[in-house]
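J.: Once you've had a glance at the structure underneath, I'll fire off some questions.
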Amino acid sequence: MGKIITVLVFKIKQYFGPLRSSRISLLLGILVFLSLNFTGFMFGIGLPDTPFWAEPDRLIDILSAFLSIFLALSLVLSLRGGVTAFQAELDFFFTSAIKPRQYVLSDLIFQFIVLHVLFSPFIPFIIGLALRLGITALVALIMVLIYETYVFLTLLIMQSLGILNLVAPYKRTKVLIGMIMSALLLPSLSFIRFFPLEYSDLPYPSTFAAKAIVHLLEQSSVELLNVYFLGIFVALAFIFHFVISRKNLFHYMRPTIMLSFFESRPQAQAIQQRRMLERFGPMTTFLTLDPTKGSLTRFLIKKHFIRIIRDGSLFPLIMLFAIYGAVSMLSLNFSPVSSLKEIESALFMLTFYSALVPSILAMSWNSYERENLWLILTSGGRIVEYFKSFFVALLIVALIMPWGLLIISLPFLGLSSLWLILSALAIASFSSAFAILTLILIEMPKEGSMSAGYFFIIFLPIIGAYMGASPFLAMLMIVPDYPIQFQFLFATLLIGYLALALFGLLKLIEKKVKSIKI
Amino acid sequence: MSAFDFPILEVLNLWKSYNGHQAVKGLDLEVKKGEIFGLLGPNGAGKTTTLKIIVGLLKMDKGIVKVDGVDISEEQYGYKKQIGYLPENPTLPEYLTAEEFLGYVAKIRDIPSNDIKDRTNYYLELFDLKKRKKDIIVSFSRGMKQKLALSAALIHKPSLLILDEPLIGIDPTGQHHIKSILKEMIKENRSVLVSTHMIDTAERLCDRVGIINNGRNVASGSLEKLRRIAEMGEDSTLEQIFLKLTQEAEEVVEEKPMRRRLFSLFRKKE
C-alpha cells in the first residue's frame with residue numbers, strides 16, 4: 001500500500017505542481033475549476049425547463065450518449081497505453097522493485113482524481129438538479145454513486161485495454177478497441193439523422209447507468225435491475241483488470257504524451273511532435289526549403305510552413321475541423337445561408353475557429369520551436385523578421401482553415417457576404433497577432449499545462465479574435481437600418497480602426513520581440 | 001602591440017546574477033586573434049553564463065564586453081556577424097534536413113545566395129555528413145547533431161568561434177577531426193574560445209587557458225605561466241595545476257559583490 005501511495009503522491013505533485021509555481025497560476029486554476037462546476041450546477045438548475053425533461057426516453061438517450069462518448073474517447077487514450085507515466089517514473093519507479101499491479105492501481109486512483117478536477121461538472125449538476133426538484137440528499141448521493149461507478153468502470157476498461165494493447169500490440173487488439181469505440185459512437189448518429197439504433201434500446205453500461213439515474217429522478221427510488229446490470233459490467237471489467245494488471249507492462253511503456261483530451265503539457269507536446277516527425281517527416285521532404293531563392297521574409301514564411309507540416313502541428317487542427325465539418329454537413333442539409341441571423345452565427349463560428357488556429361499553432365511553436373530560437377538570437381538582428389514571417393504564416397493558416405470549413409459546411413456563404421470576408425481577415429489578423437504577443441511577453445513553463453502561461457495562450461488569441469470580429473458583428477446588427485451612404489462611412493471608419501489597431505499590434509510585436517526569453 | 005596580439009574578445013569586470021545567486025563576479029577575460037583560448041572551470045563556475053552574455057543570449061548586470069573592439073552593450077546585433085556559437089546542448093530544428101538546416105543558418109547569416117550551396121556542401125563533406133544531407137535531423141545520432149551544429153557555427157566563417165563543451169557526445173575519431181579543424185582555423189588568424197571542464201581537451205587543444213571558479217578569475221595564461229602561478233614543477237599537468245589553483249581560490253575569503261562594485265565605481269571615476 002505504501003508504494004501505491006508514494007507513486008500516487010508523486011504523480012499528483014508532478015501533474016499539479018506547476019499550479020504552485022505562481023499565485024496567478026493557482027488563481028486561474030481555481031477559476032477554471034469553479035467555472036466548470038458552476039456551469040454544471042446551473043445546467044442542473046435549468047434542466048427541468050428544457051424540452052427533454054418531458055421525454056424521459058430522450059433524457060436517457062442523451063445521458064447514455066454522453067456517457068458512451070466519454071468511454072469511447074477514453075479508449076482513444078488506451079490506444080496510447082491507458083496507463084500514464086511521466087519520464088521520471090520510467091527512470092526511477094520502473095527500475096525499482098514496484099510490481100506492475102501496484103503501479104497500475106496508483107495510476108487508476110491518479111486518473112480518477114485528475115478526471116474529477118478536469119471533468120468535474122457532473123456532481124454540481126446533480127446538486128443543482130436536486131435543489132431545483134427538492135430531491136433528498138440520499139437520492140442525490142445515490143445518483144452520484146451511480147455516476148462514479150460508471151467513471152470507475154470507464155477507467156478500468158481503458159486501463160485494461162491499454163495494457164492489453166501494450167503487451168499484445170497486434171492488429172487484432174487495435175481492431176477490438178476500434179470495434180468497441182465504433183459500437184459506442186454509432187448510435188449517436190440518431191441525434192443527427194434517422195438511425196435505427198438509439199442508446200436507450202441498447203444494453204450498454206451507459207444506458208443502464210442513465211436509466212438508473214433518470215428513474216431516481218422521476219420516482220426517487222432505485223431501479224435495481226439497471227443497477228444490477230451495471231454491477232455485472234463492473235465485475236467483469238474488474239476481473240479482466242485483475243488478470244491483465246499482473247502483466248509486466250514496464251517493458252513496453254513509453255512516457256505518456258497525453259493524460260486527457262486537450263491536455264497539452266509542453267514537454268508532452270514536444271514528445272508527440274517528435275514522434276510525428278519521426279513517422280511522417282521523411283514523407284514530406286519533397287517540400288524543400290531553398291535558401292538561394294527569394295527574400296529572407298519569404299524564406300522564413302516557407303520555413304514556418306515546413307515546420308507546421310512536418311512536425312504534426314496541423315494534425316489536431318485537421319482532426320478538429322474534419323469532425324466539425326462532418327457534423328455540420330450532416331446536420332445542415334447543404335442549405336445556403338442568407339438570413340442575417342445565420343450570418344451572425346456563421347461569424348461567431350468563424351471567430352471561434354479562427355482563434356483556435358493561432359492558439360494551437362502557438363502552443364506547438366512553444367513546445368517544439370522556441371528552444372531553436374538561439375540560432376536566430378546569436379546571429380544578429382533577424383528576430384523581427386522571424387516573428388513577422390511567423391505572423392504571416394499563422395495568418396494564412398488562420399484564414400484558410402476556417403474558411404475551408406465554412407465553405408464545406410455552409411455552401412455559397414463565402415461568396416455571398418463581403419462582410420464575412422472582411423471580418424475573416426480581421427479575426428485572423430488579430431488572433432494571430434495576439435498569439436505572437438502572448439509567446440513573446442509571457443514565459444511558458446516547460447513542465448505543465450496547469451499554468452498561467454498556458455491559460456493565456458489559449459484564451460488571448462480568442463479574445464483577439466473577438467476584438468477583430470466585434471466591430472463587424474456590431475455593424476451587421478446596426479447598419480442594415482441606415483441609408484447606404486452611412487453604411488459606406490461606417491465601413492470606412494471600421495476598416496480604418498482595424499488597420500490602425502493591427503498596425504499598433506505589429507509595432508508592439510516589433511518592439512517587444514527583442515527582449516524575448518528562450 | 002602587433003595586429004596578431006590585438007584581442008578579438010575583451011571581457012572586463014563582468015557581473016551577472018540570477019534570482020539572487022551571483023553567477024559571475026567581476027570576471028576578466030581576453031582572447032587574442034589567432035589563438036585557441038580555453039575557459040576551464042568546475043560545474044557552476046560561470047562558464048556558460050559568460051558565454052551566453054558574449055553571444056547576446058543573456059544581459060550582463062555590469063561590465064564591458066568588446067568583440068573586435070566593439071562594445072556589445074552599444075552595438076547589440078552587428079557584432080554577432082563576427083561570432084559563431086555552439087551551445088552546450090544544441091537544440092536543432094529537427095524537422096529540417098541537414099542541407100536545409102545549414103541553408104537556413106546561411107540565409108539568416110546573410111551569406112550571398114550563390115555561395116550558400118557551396119558552403120553547405122563543403123561543411124557537410126568536412127564533417128562526413130554528405131550522405132545524410134537529405135535526411136531530416138530527427139533521425140540523426142547525438143554526435144551527428146553536434147557536428148551539424150558545429151557546421152552551423154562555422155558556416156559564415158566567424159572571426160571568433162565560441163564553443164561550449166564541444167566534444168561531448170562525439171566519438172574519439174570525431175574529436176580528433178574537430179580538433180584539427182580548429183587548429184586549421186587559427187592559421188587563418190581566427191580565434192576560438194572553448195569552455196570545457198575536460199582538462200585533457202584544454203591541455204592538448206588550447207594555446208592559453210583561463211581558470212575560473214565561483215564566477216571569478218583564478219588564473220590565466222599558457223601552461224608554463226600557470227605552472228609559475230601555481231608554483232609547480234615543469235612536469236606538472238594542467239589537471240594538477242587546476243586542482244591546486246581552484247582549491248586555493250576556495251580558501252580565499254569571499255569578497256562581497258557590493259564592495260567590489262564600489263571599487264569599480266571609484267576606478268571608473270579615476
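J.: One quarter of the convex hull surface, Cα atoms only: what value does that give for region A:109-186 in nm²?
T.: Value for region A:109-186: 6.7 nm².
J.: Also, quick follow-up: Taking θ as phi - 60°, what are the ³J(HN,Hα) couplings along region A:123-136 by the Karplus curve (6.51, -1.76, 1.60), each to the nearest whole Hz, with x for Gly and Pro?
T.: Along region A:123-136, the couplings run 5, x, 4, 5, 4, x, 5, 4, 5, 5, 8, x, 6, 5 Hz.
J.: Going by how many other Cβ atoms sit within 10 Å of their own, how do A:S359, A:S431 line up, fewest first?
T.: A:S359, A:S431
J.: Suppose we look only past 45 Å in the calculated P(r) of the protein assembly as shown. What percent of the Cα-Cα pairs does that tail hold? All intermediate terms of the calculation are to be shown ahead of the outcome.
T.: Working: 119624 of 310078 pairs.
In whole percent, the long-distance tail amounts to 39.
J.: Can you give the % of DSSP beta bridges in region B:5-123 that are antiparallel, to the nearest 5?
T.: The antiparallel fraction comes to roughly 100 percent.
J.: Just rank B:K134, B:K145, B:K47, B:K117, fewest to most, by other beta-carbon atoms within 10 angstrom. Write down the numbers at each step before the final one.
T.: Working: B:K134 13, B:K145 20, B:K47 26, B:K117 16.
If I rank by nearby Cβ atoms, fewest first, I get B:K134, B:K117, B:K145, B:K47.
J.: Something else about it: What would the Debye formula give as log10 I(q)/I(0) at q = 0.16 Å⁻¹ for the alpha-carbon point model of chain B, no solvent?
T.: -1.28
J.: Which percentage, to the nearest 5, of the DSSP beta bridges contained in the protein assembly as shown is antiparallel?
T.: Taking every DSSP beta bridge within the protein assembly as shown, about 55 percent pair in antiparallel fashion.
J.: Which ordering of B:D68, B:D171, A:D57 is given by a fewest-first count of other beta-carbon atoms within 10 Å?
T.: Details: B:D68 17, B:D171 11, A:D57 14.
Least to most surrounded, the residues fall as B:D171, A:D57, B:D68.
J.: Here is a follow-up. Taking the Cα centre of region A:2-251 as origin, sum charge times position over the Cβ atoms of Lys and Arg (+1) and Asp and Glu (-1), and report the length of that vector in debye to the nearest 20.
T.: Magnitude of the dipole: close to 1100 debye.
J.: Let me ask something else about it. Count the net charge of all other residues whose Cβ sits under 13 Å from the Cβ of A:D57, scoring Lys and Arg as +1 and Asp and Glu as -1.
T.: -3
J.: Please list the three semi-axes, largest first and in whole Å, of the ellipsoid equivalent to region A:2-251, using sqrt of 5 times the eigenvalues of its alpha carbon gyration tensor.
T.: Calculated on Cα positions only, the semi-axes equal 32, 24, 16 Å.
J.: Sticking with this structure for a sec: Where Lys and Arg each count +1 and Asp and Glu each count -1, what net charge lies around A:D290 among other residues with Cβ under 12 Å from its Cβ?
T.: Charge balance in the 12 Å sphere: +4.
J.: Hey, what's the Cα Rg ratio for region B:57-170 versus the globular rule of thumb, 2.2 N^0.38 Å?
T.: Working: Rg = 15.0 Å, N = 114, 2.2 N^0.38 = 13.3 Å.
Relative to the rule-of-thumb radius for its length, region B:57-170 sits at 1.13.
J.: Follow-up. Would you mind checking the tilt of helix B:113-126 against the longest principal axis of the Cα atoms of chain B, expressed as 0 to 90 degrees and rounded to 10?
T.: 80 degrees
No value in this document is a laboratory result; all are computed from the given coordinates. Computed from a predicted structure; not experimentally measured. All Cβ positions, even for glycine, are placed from backbone atoms using ideal geometry, and neighbour counts span all protein chains on display.
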